Each structure stands twice: as C-alpha cells, then as structure tokens.
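Engineer: One structure, as structure tokens, below. Some questions next.
The values are calculated or read from the model by the stated rules, or taken from the named source; none is laboratory data. Computed from a prediction, not measured in an experiment: that's the story for all the values here. Here the Cβ positions follow ideal geometry from the backbone for every residue, glycine too, while neighbour counts run over all protein chains shown. Surface accessibility is based on the protein's heavy atoms, side chains included, excluding ligands, DNA and RNA. Shrake-Rupley method; radii C 1.70, N 1.55, O 1.52, S 1.80 Å.
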Amino acid sequence: MDPDAVAKAFVEHYYSTFDANRAGLANLYQEGSMLTFEGQKIQGSQSIVAKLTSLPFQQCKHNITTVDCQPSGSGGMLVFVSGNLQLAGEQHALKFSQVFFLLAQPSTANLMCH
C-alpha cells in the first residue's frame, strides 16, 4: 500500500466531509484521539466533533495545496496538510495547515486520527 496514496485519499475524504457535514467526521476519531485547536486540547470523538461543529461559520471550502506523508515506526503515518480555506461570504481565503497522526485500526483496517 502506497502511503502517499493513502494519505491523499484520507485528506480528500476528511475535508470533503468537513465542508459538507462536520458531524460526519466522528467515525474518523476514537476516544483516545486529541485535537489541538488554537492552543486548546480536546480529547475524544464526541468532544472533537462538538468543537468542529461549533466553529463560527456554517459553510466553507478547503482547497488543498500540499499533502506530505511520512510513515511512522508504529505502523501509522504522519500527514501534514496545507492549503486555503474559503469561508462563505468572504472575499479572501484564509491559509491553514493541519497535522494528522493516523493509525490503522486492526478490527476494521481503516485509518483513524489519533
């Protein structure tokens, strides 16, 4: 399995889900997952989705510029994403970057954020 292809597919799925239905991201996180957002640490699938759905905008579109991936020694992968975030009604896009540490889940063979 090509790590770059897996990372690219994950990123496309994550951001298309984020843009269309943020609550749909819940199955990509587990209870041990952590999101750090502007210095705030949020742990657990439900808490992370609650944070993401409470952001002060309803519609957005992520335009991905780069997806860089490195396999980790623990069987996971580190994925760095950068791009532009266009909010509805805003003229200028915002720059963003995000890092994911993905781990394969043995029972489902799916990758999840950790």
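Engineer: Pairs please, first residue from the stretch 1-15 and closer than 16 Å to ALA26 by Cα, second anywhere and assigned to a helix (DSSP H, G or I) and of a type outside the set (Ser, Thr, Tyr), Cβ atoms under 9 Å, 6+ apart in sequence or on different chains.
Structural biologist: Listed pairs, sorted by first residue: PHE10/LEU28; HIS13/LEU28; TYR14/LEU25; TYR14/LEU28.
Engineer: Now a separate question. If the requirement is being more than 21 Å from VAL6 (Cα to Cα) and open to solvent by less than 70 Å² (accessible area, probe 1.4 Å), which of these qualifies: LEU102, LEU85, LEU94?
Structural biologist: Among LEU102, LEU85, LEU94, only LEU85 is more than 21 Å from VAL6 (Cα to Cα) and open to solvent by less than 70 Å² (accessible area, probe 1.4 Å).
Engineer: Pull up the stretch 47-67, narrow it to residues that are within 14 Å of LEU85 (Cα to Cα) and of a type in the set (Ser, Thr, Tyr), then point me to the one that is least open to solvent (accessible area, probe 1.4 Å). First the steps, then the outcome.
Structural biologist: At the first step, the residues of the stretch 47-67 found to be within 14 Å of LEU85 (Cα to Cα) are 55-66.
Now drop any that are not of a type in the set (Ser, Thr, Tyr), which leaves 65-66.
Numbers: THR65: 98, THR66: 47 Å².
Only one residue tops the list, namely THR66.
Engineer: Taking only pairs six or more apart or across chains, which ones have beta-carbon atoms under 6 Å, a first residue in the stretch 45-67 that is of a type in the set (A, V, I, L, M), and a second residue that is in a helix (DSSP H, G or I) and open to solvent by 60 Å² or more (accessible area, probe 1.4 Å)?
Structural biologist: Cβ pairs passing all conditions: VAL67/LYS8.
Engineer: Name every residue in the stretch 10-32 that is farther than 23 Å from LEU87 by Cα and of a type in the set (Gly, Ala, Ser), in order of residue number.
Structural biologist: GLY32 - this is the single residue of the stretch 10-32 that is farther than 23 Å from LEU87 by Cα and of a type in the set (Gly, Ala, Ser).
Engineer: Here is a further query. Would you check if PHE10 is aromatic (Phe, Trp, Tyr), closer than 24 Å to SER72 by Cα and open to solvent by 20 Å² or more (accessible area, probe 1.4 Å)?
Structural biologist: Judged against the criteria, PHE10 is not a match.
Engineer: Continuing with the same structure: Every residue in the stretch 17-44 that is over 19 Å from LEU103 (Cα atoms), in contact (Cβ under 8 Å) with a residue 24 or more places away in the chain and not acidic (Asp, Glu), please.
Structural biologist: PHE18, ARG22, ALA23, listed by residue number.
Engineer: Still on this structure, please answer the following. Being open to solvent by less than 80 Å² (accessible area, probe 1.4 Å), assigned to a strand (DSSP E or B) and in contact with a Leu (Cβ under 9 Å, 6 or more places away or on another chain) is the filter here; which residues of the stretch 68-82 pass it?
Structural biologist: CYS69, MET77, LEU78, VAL79
Engineer: Mind listing just one residue for me: the one in the stretch 28-46 that is in a strand (DSSP E or B) and in contact with a strand residue (DSSP E or B) (Cβ under 9 Å, 6 or more places away or on another chain) and, of those, surrounded by the most Cβ atoms within 10 Å (Cβ to Cβ)?
Structural biologist: TYR29
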